[in-house]
Each structure stands twice: as structure tokens, then as C-alpha cells.
Ligand code: X90
């Protein structure tokens, strides 16, 4: 009998459907004292950013519950999940509890949730790889092994114009928060191997930040693999980075898109996230 496979990820992957695969996105939420935003495909992201710009009170985010994850698993025989870094969110923990409950409730069904130690476009790459592995008809255990090997050579780097929401929500270390207190400094950095925000450069101009992003990519072994760029209202910077990459690797599989709600809340206006495959 055909086994039913579902791929699922929280909404920080910025992905709401997948061609030729069962895919379910599990939304995080962005919360203010006056409004709550659900990070799904219906969210008006520019509208939310505009609201936040004029909002002076506290804001925060909330991860999906165990029940939300269970709903996403549906009635699949095999669930392949990926979550935002467990170091910065309770998302992975909730997904793992759901996985255990699901396997207990339905003996024979299997769930694997990868902690991406990252977010955004690196998760997108992992989802694409899941699709490929499922399409090849590999057994569950093999897919779980392959996806972990793959995730070890994918990376996430970013350029952020502001770390305000990170700092306010206590999601960076006090040292990083202090460094980010300088005004009009862009932080170019990466998701560390522990799944935390790791600043690498501070840069004043955007042009410099873009070339630093590409330097970091090359230093970490980028040699023409897939690239997924996601920006928060900064198409221009995304295109410029794409030009730099394509000048060296004209044939590379590169896509540009927008961040949805959760990534835009933390990356803030102007932020760009880059997921890529290295060697
Ligand atoms: O559980 C929650 O409420 C969500 C908390 C998420 C905190 C991190 C969001 C990151 C969004 C910003 C730039 C990339 C930083 C990479 C660090 C691993 C994207």
C-alpha cells in the first residue's frame, strides 16, 4: 500500500505550499497589545510592518502549540518536519512533543522533526530536499539520515539593519545586544552551528554589507550550489547580491523572494536572509 508522506514546517520557512508534495505550514504569531497577526499566506506583511512602525508598545512572537503541530501531521503515515532553531524558539520543542504523542496514538506512523538550527531560506532548502528524497521513494530512516547530512552543508547568513526586536524579546546575548545598540549599523552575520544569531561584521553602507555577505558565503565553501534569498522590502539588495553570485556562477539555481511575517518581524525592514548550499 502507498504510504502517505507529509512535509511540515513552521511559518518561518516563508513557504505556504509546495509543488508535487503534501506540505503544511504551521503559523507562528506576532503579538501586540492591540492586535495579533497570524503568519500565514493571508497576512498583509507590509501592513503589519507599517503598524509596528507606528506602534509604541510591547510586541512579541509566539510559536505554535503541540496541538497545532498535531493538526499539521493530519493522517500521514510518515511526517517529515523542520523547525526554526530550538535555541531561539519553543517551536522545535512543541513539534517534538507532538511527534511523540502522534507515534503513540497511531502505532506504525512515524515522525521526524529536524531542528534546522536556523530559519527562513535555509529551511526552504531543507524542504526542497525532503521533497526530492520522498520523490525518490527512499525509506523513512534513510530520508532522516540524508536530510541531516544535507542540513550540515546548508547555511544561513543575513544582513539586518536593526536588531531592535531581537533585543527587546531577549533573543540575543547581552553582548550582541550591546553591540547592536549603535545606530545605523548593519549587522552581517550567520546562524551559528549552535543555532544562534552570530554577528560577523558591522557595516555602515549597504553596498559593503552585500559584498560581505558574498565573502562569508565563499569562505564557508560556496561553489555554485542552490541559493534562496528572502528580503523584507529590499528587492534591490537581493538583486545586487544575486548579481555578485551570478557573475561567478552564471548557472546556479538562485531564487529571490520575500520574507513573510515572522522573519520580517525579526529581520525588520531592509533585512535580507540568504540560505545556500556549500561543499
Ligand atoms: O518562538 C517564537 O516566538 C519565535 C522566535 C524566533 C526568533 C528568531 C527569529 C529569526 C528570524 C532573523 C534573522 C536570522 C537570524 C538567525 C538566527 C539563527 C530571522
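Please compute the Kirkwood hydrodynamic radius of segment 64-112 from all pairs of different C-alpha atoms, in Å with one decimal.
10.7
Could you check the simple spin-label distance between residue 17 and residue 3, using points 7 Å along Cα→Cβ, in nm with one decimal?
The two pseudo-label positions are separated by 2.8 nm.
Whole angstrom only: what separates the Cα centroid of segment 118-188 from the Cα centroid of segment 9-59?
17
Once you compute Rg and the Kirkwood Rh from C-alpha atoms, what is the Rg to Rh ratio for segment 196-248?
Answer for segment 196-248: 0.94.
In whole angstrom, and with the biggest value first, how far do the Cα coordinates of segment 179-272 range along each principal axis?
Projected onto the principal axes, the Cα atoms of segment 179-272 cover 40, 28, 26 Å.
Once you have the Cα-Cα distance between residue 97 and residue 136, take 0.36 nm times their residue separation minus that, and quote the gain in nm to one decimal.
That pair, residue 97 and residue 136, stretches by 11.2 nm at full extension.
Full extension from residue 269 to residue 164: what is 0.36 nm times the residue separation minus their Cα-Cα distance, to one decimal in nm?
Between residue 269 and residue 164, full extension yields an extra 36.7 nm.
On alpha-carbon atoms, Rg over Rh for segment 1-83 using Kirkwood Rh?
For segment 1-83, the value is 1.08.
Taking every Cα atom in the chain, find the radius of gyration and the maximum pairwise distance Dmax, and write them in Å.
18.4, 60
Nearest 0.05, what FRET efficiency do residue 202 and residue 87 give at R0 = 22 Å with Cβ-Cβ as r?
0.50
What Rg and what Dmax come out for segment 20-150 when only alpha-carbon atoms are used, in angstroms?
Rg, Dmax (Cα atoms, Å): 16.4, 52.
Any chance you could tell me what percent of the C-alpha pair distances in segment 129-200 go past 14 Å?
The proportion of pairs with Cα distances above 14 Å equals 66 percent.
Bear in mind that the values in this text are calculations on the coordinates, not laboratory data. Just so it is clear, the model here is predicted, and its values are computed rather than measured. Note that each Cβ is placed from the backbone with ideal geometry, even for glycine, and that neighbours are counted across all protein chains shown.
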